[in-house]
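Novice: Once you've had a glance at the structure underneath, I'll fire off some questions.
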Amino acid sequence: MEDLNRRSDEESSTLGRGTLRVMMLPWLAHGHVSPFLELAKRLSQDDRIGLVHFCSTPVNLGPVRDHLSKLKAAFPSSTILSYCGDKIRPVELHLPPALPGLEQPHLHTTKHLPPALMPALKHALDLAEPSFCRLLDALRPDLLIYDFLQPWAPLAAQRRGIPAFHFMTSGAASTAFFCHYGSRTSAEAFPFPAIRLGSPDEDVQYAAMLNKEANGLSDKDRLLRSLERSSGFIAIKSFREIESEYIGYLSSLAGKEVVPVGPLVPDADPADDDDSEGRRQLERVVGWLGKRGAGSVVFVSFGTEYFMTEEETEELACGLELSGASFIWVVRFPPREDEERDEARAAAAAATARALPRGFVERVVAPAGGGRRRMRGGEGWCWRVGPRSGASWRTPASGPSSRTAGGAP
């Protein structure tokens, strides 16, 4: 956060000393809302920040309000965490209901959204620009912090004389990878072999996933325009100790300074006391990791916006089993709105059993002394298992990249 504080000092010289009002506009996904909220909490600890207006759809703001309420309830009013909860104000942004498939407000987030409706959600957020502009006019923030899928947001702010900077919730390596291929017409190889997925042609094919369009605009163009329109610098959820060379390369691609704000690891849930099941589960996982060697555990997760098919789950399970490596695997299944919570959990467990190869748990999890735990924030399971063959693994940043063939690493 030191780099960001330094840049805040520079911005303050332009904005004027005193109490600043910040508005934040993340993309409508938990994986974006969460780091934006963590950044809001850290910004609110700065005496120069008076209010942080946290703008999103009502369905996304529900968990945000719950978390802030827990902070204020769990800590005395004199503590910094309670103070943060008071300075962050949720602001509702309502999407137009006209687009087919998005009539229900609970679909104004990626959490319960069928993948086929993802372009419609991006289009709906684009159509909410007039509503967002009215919020800018009413709240009159001194600074806007926005996400990569809303390149119209910095323009709306700048027309009102409001500086706006882009906050990237992904790491510098992946962002630089997509920007490298997105900003070039040739198939020049990405300059960091550890991050390459194969040949330059294969990398280009992978980067082409950003060519998907919504409202006539591809994700690639949204990303590049959002970076280009950032006022003076770009903030990113990263830190130089791990991603220094990628931060530098991304800065050269974007033509402006890239400021790491740290990993923004969420605080422990204030509702989890020392005797809670959640805390005990966390301690068991950390204890299990503490017994493994450096670089020996593979973490497998595909984020909150992708649900694997049963066939894909089976293939990945076979690959993990054949590798013999220790792994933590987050398995998620889309919840159904017409199911009660217990029914949804039972359905998720049944889907897990169907998708995993026959005898997988008995062969891999039980002999290794691993286990599973239910995830927070979604239906699914988190599996952790130990190695049977003692295979050691390293992250791409610390050694040669690995490729996948036939489902097995």
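Coordinate-derived values only; no laboratory data. If you're wondering where the values come from, they're calculated on a predicted model, not measured in any experiment. Neighbour counts are summed over all protein chains in view; Cβ atoms, including those assigned to glycine, are modelled from backbone coordinates with ideal geometry.
Novice: Name the shape class, rounded, prolate or oblate, that the alpha-carbon gyration tensor gives for segment 99-215, where a ≥ b ≥ c are the square roots of its eigenvalues, rounded holds for a/c under 1.5, and otherwise prolate holds if a/b is larger than b/c and oblate otherwise.
Specialist: Since a/c reaches 1.5 but b/c is at least a/b, the shape of segment 99-215 is classed as oblate.
Novice: Using the number of other C-beta atoms within 10 angstrom as an exposure proxy, rank HIS106, HIS30, HIS112, HIS166 with the fewest first. Could the numbers behind the result be given before it?
Specialist: Values: HIS106 13, HIS30 19, HIS112 16, HIS166 28.
The most exposed by this proxy come first: HIS106, HIS112, HIS30, HIS166.
Novice: Where a ≥ b ≥ c are the square roots of the eigenvalues of the C-alpha gyration tensor, would you call segment 2-260 rounded, which needs a/c under 1.5, or, failing that, prolate if a/b is larger than b/c, or oblate?
Specialist: Working: a/c = 1.69, a/b = 1.25, b/c = 1.35.
Oblate shape, in that a/c is at least 1.5 and b/c is the bigger or equal ratio.
Novice: Same structure, new question: In what order do LYS122, LYS72 fall by count of nearby beta-carbon atoms within 10 Å, going from fewest to most?
Specialist: Details: LYS122 21, LYS72 17.
Ranking LYS122, LYS72 by Cβ neighbours within 10 Å, fewest first, gives LYS72, LYS122.
Novice: Calculated FRET efficiency, ARG354 and ASN211, Cβ-Cβ r, R0 35 Å, to nearest 0.05?
Specialist: 0.55
Novice: Right, next: Need the list of lysines near LYS87 for cross-linking: C-alpha distance under 20 angstrom, and skip anything on the same chain fewer than eight residues off.
Specialist: Within the straight-line cut-off, LYS87 pairs with LYS41, LYS70, LYS72.
Novice: Set the Förster radius R0 to 22 Å, insert the Cβ-Cβ distance between GLN45 and ALA73 as r into 1/(1 + (r/R0)^6), and round the FRET efficiency to 0.05.
Specialist: Computed FRET efficiency for GLN45 and ALA73: 0.70.
Novice: More than 16 Å apart: what percent of Cα pairs in segment 191-243 qualify? Walk me through the numbers before you get to the answer.
Specialist: On the way: 858 of 1378 pairs.
For segment 191-243, the share of Cα pairs beyond 16 Å comes to 62 percent.
Novice: Follow-up. Provide the gained length on full extension for the span LEU282 to ALA98, in nm with one decimal, where the gain is 0.36 nm per separating residue minus the Cα-Cα distance.
Specialist: Length difference between fully extended and current span is 61.9 nm.
Novice: Cut-off under 19 Å on the C-alpha distance; same-chain residues fewer than 8 positions from LYS122 excluded. Which lysines are left, in chain and number order?
Specialist: LYS111, LYS212, LYS220
Novice: Something else about it: Need the full-extension length gain, LYS291 to GLU310, defined as separation in residues times 0.36 nm minus the C-alpha distance. One decimal, nm. Please report the intermediate quantities before stating the final value.
Specialist: Working: separation 19, 0.36 × 19 = 6.84 nm, distance 3.17 nm.
Roughly 3.7 nm would be gained on extension.
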